[in-house]
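Only one structure is covered here, and it is reproduced in the block below.
The values are calculated or read from the model by the stated rules, or taken from the named source; none is laboratory data. Model, not experiment: these values are computed from the prediction. Backbone-built Cβ (ideal geometry, glycine too); neighbour counts: all protein chains shown. Just the protein is used for accessible areas: all its heavy atoms, side chains included, with ligands, DNA and RNA removed. Shrake-Rupley method; radii C 1.70, N 1.55, O 1.52, S 1.80 Å.
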Amino acid sequence: MSLADKKGLDAVSLRTVATALKVDPKRLRGHVLSKEELLELMVDEVHAETAADGRPPGDWREVLRAFAHQSRHAALKHPWLVDLWGGRPQLGPHALAAREAALAALGDLPGFEDINTVLFALRTVGAYTMGAMQTEISELRYAFGSGKTQTQWRSTMMPYLQRMLATGQFPNVVRLTQDAADLPLDVEFEKGLDCVLDGIAARRSR
């Protein structure tokens with residue numbers, strides 16, 4: 001995990017891990033058979049870290065909001081995590097414990113007696129969080145790789161963008177650049193999450 005945090009998933013292999021641990025790679029293979037298994041163990045360890053936050057209290061909105069922020073915090077701490085989301089089901093002991101905790105936290109609340117309602121809510125918030133974090137992490141990676149901040153990148157692209165907007169073919173993009181609020185990423189995440197939770201609330205009231 002330390003290797004991936006510093007250099008990304010490409011830096012992770014049984015050989016590089018064995019080197020970091022100062023052991024023979026053959027010895028490591030006695031515990032971990034492949035890189036795929038190693039990555040699964042890393043994801044499971046992230047679930048162990050998030051479990052330390054405990055079970056979120058409160059109503060269903062607070063429960064779902066807490067799970068979304070736990071996932072966002074984990075992705076910001078371990079950017080490689082977004083590359084492993086959406087793969088095959090995570091069945092490690094900590095992943096299963098996290099799933100059990102999420103199901104129990106919602107399942108005990110009024111209006112979530114149906115397991116399908118619980119599953120719909122968790123998957124919807126999870127899908128939003130995954131998409132939002134993939135975008136956010138991609139921007140952070142670009143800034144890190146190019147050495148440019150978002151502001152610097154925008155100033156570089158501005159002459160081209162101004163020429164394109166001056167053609168009059170993109171009136172809504174002009175409106176976007178002139179009128180849209182430039183929100184901090186955490187605020188933008190929170191507002192998007194509110195929209196998702198409002199949608200779940202509307203569906204529950206039908």
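Cut-off 15 Å, label point 7 angstrom out along Cα-to-Cβ of residue 9: give me the residues of region 79-97 whose amide nitrogen falls inside.
Inside the label zone: 79-90.
Enumerate the calculated ³J(HN,Hα) couplings along region 101-110 in order (Karplus 6.51 cos²θ - 1.76 cosθ + 1.60, θ = phi - 60°), each rounded to whole Hz, writing x wherever the residue is Gly or Pro.
For region 101-110, the Karplus-derived couplings read 5, 5, 5, 5, 4, 8, x, 8, 9, x Hz, x marking Gly and Pro.
How about region 1-110: which trypsin sites (Lys or Arg not before Pro) there are in a DSSP loop, with at most 13 other Cβ atoms within 10 Å of their Cβ?
Values: sites: 6, 7, 15, 22, 26, 27, 29, 35, 61, 65, 72, 77, 99; in loops: 22.
In loop regions of region 1-110 (DSSP not H, G, I, E or B), the sparsely surrounded trypsin sites (Lys or Arg not before Pro) are 22.
What figure, in Å² to the nearest 10, do you get for the accessible area of residue 115 with a 1.4 Å probe and non-protein molecules left out?
100 Å²
How large is ³J(HN,Hα), in whole Hz, for each residue of region 189-198 in order, when computed from phi with the Karplus curve 6.51 cos²θ - 1.76 cosθ + 1.60 and θ = phi - 60°, using x for Gly and Pro?
4, 5, 5, x, 4, 4, 4, 5, 5, 4
Once you have the Cα-Cα distance between residue 166 and residue 51, take 0.36 nm times their residue separation minus that, and quote the gain in nm to one decimal. Mind dumping the intermediate values first?
Working: separation 115, 0.36 × 115 = 41.40 nm, distance 5.18 nm.
Additional length available on full extension: 36.2 nm.
Where the only charges are on Cβ atoms (+1 Lys, Arg; -1 Asp, Glu), what is the dipole of the chain about its Cα centre, to the nearest 20 debye? If you can, show how the numbers build up before the last one.
Numbers: 25 positive and 26 negative charges, 150 e Å.
Dipole about the Cα centre, nearest 20: 720 debye.
Taking the Cα centre of region 10-94 as origin, work out the dipole magnitude from +1 charges on Lys and Arg Cβ and -1 charges on Asp and Glu Cβ, in debye rounded to 20. Write out the running numbers ahead of the final one.
Working: 12 positive and 12 negative charges, 46 e Å.
The dipole of region 10-94 has a size of about 220 debye.
Of 108, 194, 59, which has the most accessible area with a 1.4 Å probe, and how do the rest follow in descending order?
On the way: 108 105, 194 55, 59 75 Å².
Descending order: 108, 59, 194.
For 16, 151, give the ranking by accessible area with the largest first, probe 1.4 Å.
Working: 16 50, 151 105 Å².
The residues order as 151, 16, largest area first.
Once the dipole of region 1-158 is set up with Lys and Arg at +1 and Asp and Glu at -1 on Cβ about the Cα centre, which of 34, 128, 58 lies farthest towards its positive end?
34
So if I average 1/r over every pair of distinct C-alpha atoms in region 1-72 and take the inverse, what Kirkwood radius in Å does that give? Each step should come with its number before you reach the end.
Numbers: mean 1/r = 0.0703 Å⁻¹.
Across region 1-72, the inverse of the average 1/r is 14.2 Å.
Any idea what diffusion coefficient the chain gets from Stokes-Einstein, in µm²/s, Kirkwood Rh on alpha carbon pairs, 37 °C, 0.692 mPa s?
Numbers: Rh = 19.9 Å.
Answer from the Stokes-Einstein relation: 165 µm²/s.
Show which aspartates and glutamates lie in cross-link reach of residue 7 when reach means a straight Cα distance below 17 angstrom and same-chain residues fewer than eight apart are skipped.
Within reach: 83, 139.
Going from most exposed to least, what order do 2, 71 have by accessible area with a 1.4 Å probe?
Working: 2 65, 71 45 Å².
In descending accessible area the options line up as 2, 71.
Dipole magnitude of region 50-116 about its Cα centre, charges +1 at Lys/Arg Cβ and -1 at Asp/Glu Cβ only, in debye to the nearest 20? Can you show the working numbers first?
Details: 7 positive and 8 negative charges, 66 e Å.
My answer is approximately 320 debye.
Mind checking which of 67, 177, 117 is farthest towards the positive end of the chain's charge dipole, using Cβ charges of +1 (Lys, Arg) and -1 (Asp, Glu) about the Cα centre?
Farthest towards the positive end: 177.
By a straight-distance test (C-alpha under 19 Å), which lysines pair with residue 6 as possible cross-link partners, with residues fewer than eight away in the same chain excluded?
Excluding near neighbours in sequence, the set is 22, 35, 77, 148.
Please give me, ordered by residue number, the trypsin sites (Lys or Arg not before Pro) of region 106-201 that lie in loop per DSSP and have at most 15 other Cβ atoms within 10 Å.
Values: sites: 123, 141, 148, 154, 163, 175, 191; in loops: 148.
Passing sites in region 106-201 are 148.
Hey, can you find the accessible area per residue of region 25-100 for me, probe 1.4 Å, expressed in square angstrom? Walk me through the numbers on the way to the answer.
Numbers: 4570 Å² over 76 residues.
Heavy-atom accessible area per residue stands at 60 Å².
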